[in-house]
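Colleague: Supplied in structure tokens, the structure appears directly below.
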Amino acid sequence: MILYQTQQRMTIVIMWKRIDKELSEFRTCFTRQATYEWFVVMIIGLMLRSDQVGLTSIIRELSISPKSYPAMMHFFRSQAWKLEDLIQTWTKLVYRKAPIYKKDGITILVGDGVKQSKEARKMPGVKRLHQESENSSKAEFIFGHMFGGIGVLIGDPSKKLFCLPLSIRLHDGVNMIRNWRKKQNNYECEGSHIVQIINDAFQATKMYGRIARTA
């Protein structure tokens with residue numbers, strides 16, 4: 001029993017050292033050290049949380065003082081980081097270290113979308129969505145978020161292949177926010193859900209080279 005517990009502790013230590021090393025790759029994405037440290041807290045909290053009730057789950061799981069809630073909320077509005085930088089760094093990290101599956105020298109990307117129902121009508125990005133489903137138990141229309149993601153196939157084809165996400169974004173319901181960004185930063189608004197997935201796949205080609213996309 002003592003030997004088992006010792007091995008278990010060593011495994012945990014090695015795992016956390018590996019996680020710390022990988023997260024340190026993102027330090028250059030943040031202009032402030034404090035913001036980067038909150039980023040690490042968020043990632044660890046998301047990995048360990050046992051439920052899905054937003055920041056409350058992270059606070060509960062990591063035993064963070066509830067007084068830190070406003071600071072955690074501010075992290076997502078901070079100007080010290082950009083989502084595009086995080087996605088680019090993550091894409092490079094996956095390219096360097098993941099066992100990427102290639103078919104005839106071509107990397108395979110997988111794109112997909114999902115509609116997640118939300119009860120909060122005034123939550124940013126929530127809108128009335130139509131569900132294309134033959135399941136009669138599902139409502140034809142829901143209020144929720146429309147997510148779109150792109151991932152790369154990794155693994156050994158003789159065993160199992162997995163899709164490792166490269167980016168997941170809100171693809172609908174945020175046109176007004178994008179228009180604000182367009183006015184402030186000369187930002188071009190994205191098109192439809194499919195167009196946005198193709199754009200994300202195009203960004204991945206800058207790192208992965210030749211790709212085949214499937215949806």
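Colleague: Averaging sequence separations of C-alpha pairs under 8 Å and six or more residues apart, then dividing by the length of the stretch 1-131, give the relative contact order as a whole percent.
Modeller: 19 percent
Colleague: What spacing in nm lies between the two simple spin-label points modelled at Thr35 and Asp112, each 7 Å away from Cα in the Cβ direction?
Modeller: A separation of 3.3 nm, rounded to one decimal place.
Colleague: Over the Cα atoms of the stretch 2-75, how large are the radius of gyration and the largest Cα-Cα distance (Dmax), in Å?
Modeller: For the stretch 2-75, the Cα radius of gyration and maximum Cα-Cα distance read 14.6, 45 Å.
Colleague: Kindly list the residues of the stretch 16-47 that lie in the label zone of Arg96, defined by a backbone N under 13 Å from the point 7 Å along the Cα-to-C-beta vector.
Modeller: 21-29
Colleague: Put +1 on the Cβ of each Lys and Arg and -1 on the Cβ of each Asp and Glu in the stretch 29-100; which of Val40, Trp90, Ser63 then has its Cα farthest toward the positive end of the dipole?
Modeller: The Cα lying farthest towards the positive end belongs to Trp90.
Colleague: Return, for the Cα atoms of the stretch 13-164, the radius of gyration and Dmax in Å, separated by a comma.
Modeller: 18.8, 54
Where a number appears in this text, it was derived from the coordinates with a stated rule and is not lab data. Keep in mind it's a predicted model, so treat the numbers as computed, not measured. All Cβ positions, even for glycine, are placed from backbone atoms using ideal geometry, and neighbour counts span all protein chains on display.
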